[in-house]
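Undergrad: Please read through the structure below; I'll follow up with questions.
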Amino acid sequence: MLLSERSEIFDSSDWIFEAKMNGYRLMAHFGNGSCELRTRTYANATKWFPEIAAPLSRVQGGPFVVDGVACVLDDQGRSDFGALLDRSRRRRSSENAPAATYLIFDLLADSDEVLTALPLIERKARLNRMLGEGLPNVELAPYAQHRRDLLARLPASWREPECLVAKRVDSFYAPGKRSPDWVRLNLSASRP
């Protein structure tokens, strides 16, 4: 599912807000001893991120399909796209490279059940139950019902992100489609 742009900054309980992280958008298919990571163009990225694939492959049950972003986080928890690009220049070698973290923001399938027709807030709740304890190099992307609540929860070093993603709580997941239910809010454009 792809983002639309929206210049108006808003706050509403009908939406959730997530921090926009700079990284590689990846789908993960995993469970019961296996994991496959795929890019938006369906390139196999499993070998690019062994530190993400290994813990996901140890998750019992499934198969599961999730959507998220792989990024390199700095010591203050911000995404460092330059470090991720430097890592990608190594061509599949993660040795001596900064570790990537996979921030998962949506659950699309659980076992044989496709969840894309469920409202986003229900998919988030199932995702929290499934991975609530966390895994090495795998985290749930933080979100909040109100924009101000999310901004208050971000690390002090990142209280003024340039972008947020707003998603309607009742939105369905439409693979490959740009939707007005998922929007990128450019916060820097609203500042004087």
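Every number here is computed from the coordinates shown, using simple stated rules; none is lab data. Model, not experiment: these values are computed from the prediction. Cβ: placed from backbone, ideal geometry, glycine included. Neighbour counts: every protein chain shown.
Undergrad: Give a residue-ordered list of calculated ³J(HN,Hα) values for the range 163-176 (Karplus: 6.51 cos²θ - 1.76 cosθ + 1.60, θ = phi - 60°; whole Hz; x for Gly, Pro).
TA: Taking θ as phi minus 60°, the curve returns 9, 10, 10, 10, 10, 5, 4, 9, 6, 8, 9, 10, x, x Hz for the range 163-176.
Undergrad: Further question: If you only keep lysine pairs separated by 8 or more in sequence, or across chains, how many in the chain come under 23 Å at the Cα atoms?
TA: 6
Undergrad: If you add up the charges near Leu127, with Lys and Arg at +1 and Asp and Glu at -1, over every other residue whose beta carbon is less than 14 angstrom from its beta carbon, what do you get?
TA: Net charge in that neighbourhood comes out at -3.
Undergrad: Based on the inverse mean of 1/r over its pairs of different Cα atoms, what is the Kirkwood hydrodynamic radius of the range 7-59, in Å?
TA: For the range 7-59, the Kirkwood estimate is 13.2 Å.
Undergrad: When all C-alpha to C-alpha distances in the range 2-190 are sorted into bins of 10 Å, what percent of pairs does each bin hold, rounded to whole numbers?
TA: 9, 37, 37, 16, 1
Undergrad: Shifting gears a bit: Which far-off residues, 5 or more places away or on another chain, put their amide H under 5 Å from the one on Cys163, with H placed in the peptide plane?
TA: Those lying under 5 Å, H to H, from Cys163 are Lys20, Leu187.
Undergrad: By how many nm would the segment from His146 to Ala97 lengthen if fully extended, with 0.36 nm per residue of separation less the alpha-carbon distance?
TA: Separation in residues times 0.36 nm, less the Cα-Cα distance, equals 14.0 nm.
Undergrad: Collect residues whose amide H, placed 1.01 Å from N in the peptide plane, falls under 5 Å from the amide H of Asp106; neighbours closer than 5 in sequence don't count.
TA: When sequence neighbours closer than 5 places are left aside, the close amide H contacts are Asp67.
Undergrad: Of Leu151, Leu108, Leu26, which has the largest mean-square fluctuation in a 10 Å C-alpha GNM of the chain?
TA: Highest fluctuation of the listed residues: Leu151.
Undergrad: With a sphere of radius 9 Å drawn around the Cβ of Met27, what net charge do the other residues whose Cβ falls strictly inside it have (Lys, Arg +1; Asp, Glu -1)?
TA: Residues close to Met27 contribute a combined charge of +1.
Undergrad: Provide the gained length on full extension for the span Glu113 to Glu8, in nm with one decimal, where the gain is 0.36 nm per separating residue minus the Cα-Cα distance.
TA: Additional length available on full extension: 34.2 nm.
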